[in-house]
Ligand code: DNO
């Protein structure tokens with residue numbers, strides 16, 4: 001069976017470890033969000049977090065994320081210092097018994113949605129990416145210099161009328177949702193901060209960013225090997241360039257280049273069906289078939305797109321991804337490798353009692369519990385007949 005886990009944002013998370021335990025999880029996915037990016041995670045801090053989890057009868061199965069600093073991604077300023085810290089954090093995590101570390105290499109912003117409270121017909125709420133809202137955000141709220149060049153004339157006109165039909169509150173909501181801080185922090189970016197950060201990527205195209213990722217991996221993969229743990233890179237979300245920034249972990253080819261570029265059992269992938277699945281040209285089942293030996297962590301969720309760049313987060317077994325076929329293929333991989341891969345139900349709808357609670361967008365308890373229960377049923381069924 002897959003190893004069922006849930007993400008926990010630490011002691012400040014309104015979802016408690018007890019909740020996660022009651023959802024039936026044996027494992028927890030968490031990070032030391034309080035440590036500034038670029039600094040070392042000490043053994044003391046790691047052990048303290050580990051003890052909290054173990055006291056609730058679970059294990060700390062995966063670190064998500066050990067964040068990669070912007071300096072490292074740009075290979076500038078303090079990148080060497082940050083890489084040294086990263087290596088040390090890996091040694092410390094390994095010494096404390098952690099075996100899987102997830103990270104991403106998305107410049108400036110992690111995942112991005114234009115609406116974190118998209119109302120579904122039954123009154124529950126989902127995360128939504130609306131193309132026109134995003135274009136309007138880029139052109140009229142962020143007012144990114146040169147942004148017009150990224151869109152066609154009809155698209156700009158449509159975004160303008162979309163924007164003009166919004167109330168000031170709706171515009172503010174779009175702004176807040178799109179610039180939501182990185183997961184695990186309450187911080188929100190200001191437009192000036194974002195524009196300033198975007199500016200630091202001037203001259204860094206996808207070729208350069210790929211070279212920077214490769215350099216980073218050459219530096220940290222040997223440390224991961226020595227520490228006895230595996231790295232799992234998370235794909236871009238959404239999986240294409242945004243705000244003029246390159247994104248290089250979006251397609252099967254990107255994933256393949258990453259694992260073959262620095263070959264090592266410790267240089268692996270986090271297979272996120274929701275992120276990769278937002279691109280119709282990503283063959284999710286095929287990716288598991290062809291790259292399954294490199295997958296160390298699974299994020300299972302589903303998106304529903306309309307073919308025009310808009311998508312919302314659907315039920316875990318609904319949406320565009322064939323979750324049955326994916327889970328079936330994952331079971332084949334686990335059997336061939338004789339491993340149990342950690343998985344978490346990624347995101348969930350805000351529903352029932354959670355509608356009145358403030359939780360991290362996508363990370364309310366009940367929606368994830370529902371997703372996990374559905375995925376659990378699916379995996380029980382699949383495990384009976386996988387050959
Ligand atoms: C979104 C998450 C991502 C993921 C990071 C990994 O909900 O899946 O934020 O944690 O990209 O580094």
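What follows is calculated from the coordinates using simple rules that are stated; it is not laboratory data. Note that the coordinates shown come from a computational prediction; the quantities given were computed from them, not determined experimentally. Here the Cβ is made from the backbone with ideal geometry for all residues, glycine too, and neighbour counts use every protein chain on show.
Hey, how many Å between the Cα centroid of the stretch 17-64 and the Cα centroid of the stretch 205-277? So the two Cα centres are separated by 24 Å. Relative contact order of the chain: 18 percent, from C-alpha pairs under 8 Å at least 6 residues apart in sequence. Take the Cβ-Cβ distance between residue 95 and residue 332 as r, set R0 to 35 Å, and report the resulting FRET efficiency rounded to the nearest 0.05. Taking R0 as 35 Å, the efficiency between residue 95 and residue 332 is 0.55. Within the listed set 334, 106, 343, the Gaussian network model of the chain (springs between alpha-carbon atoms below 10 Å) gives the highest mean-square fluctuation for 334. One Cα centroid belongs to the stretch 335-377, the other to the stretch 105-133; the line between them spans 17 Å. The gain in end-to-end length when the residue 44 to residue 376 segment is fully stretched comes to 116.1 nm, 0.36 nm per residue minus the alpha carbon separation. Say R0 is 22 Å: what FRET efficiency, to the nearest 0.05, do residue 322 and residue 240 get from their beta-carbon distance? E(calc), rounded to 0.05, equals 0.50. Multiplying the residue separation of residue 192 and residue 355 by 0.36 nm and removing their Cα-Cα distance gives an extension gain of 55.5 nm. Just 98, 366, 156 to compare: in a GNM of the chain, with alpha carbon springs under 10 Å, which one fluctuates most? Checking each option, the largest mean-square fluctuation is seen for 156.
For the chain, the antiparallel share of DSSP beta bridges with both residues in that region comes to about 30%.
Give the shape of the chain as rounded, prolate or oblate, defined through the alpha-carbon gyration tensor: a ≥ b ≥ c are the square roots of its eigenvalues, a/c under 1.5 means rounded, and otherwise the shape is prolate if a/b is larger than b/c and oblate if not. Judged from the Cα gyration tensor, the chain comes out rounded (a/c under 1.5).
Rounded to 0.05, the FRET efficiency of the residue 161 and residue 310 pair, given R0 = 22 Å and the Cβ-Cβ distance, is 0.85. Per residue of the chain, the DSSP helices (runs of n ≥ 4 H) give a summed -39500 (n - 2.57) that works out to -12500 deg cm²/dmol at 222 nm. Across the stretch 270-289, the residues whose backbone nitrogen lies under 16 Å from the label position 7 Å along the beta-carbon direction of residue 339 are 270-272, 288-289. Note on residue 199 and residue 55: the extension gain reaches 47.3 nm, defined as 0.36 nm multiplied by sequence separation minus the Cα-Cα distance. Taking every DSSP beta bridge that has both ends in the stretch 196-309, the antiparallel portion is near 10%. Comparing 199, 122, 19 in a Gaussian network model of the chain (Cα springs below 10 Å), the most mobile by mean-square fluctuation is 122. Packing, taken as the mean count of other beta carbons within 10 Å per residue, orders the peptides 291-301, 157-167, 266-276, 48-58 from highest to lowest as 266-276, 291-301, 48-58, 157-167.
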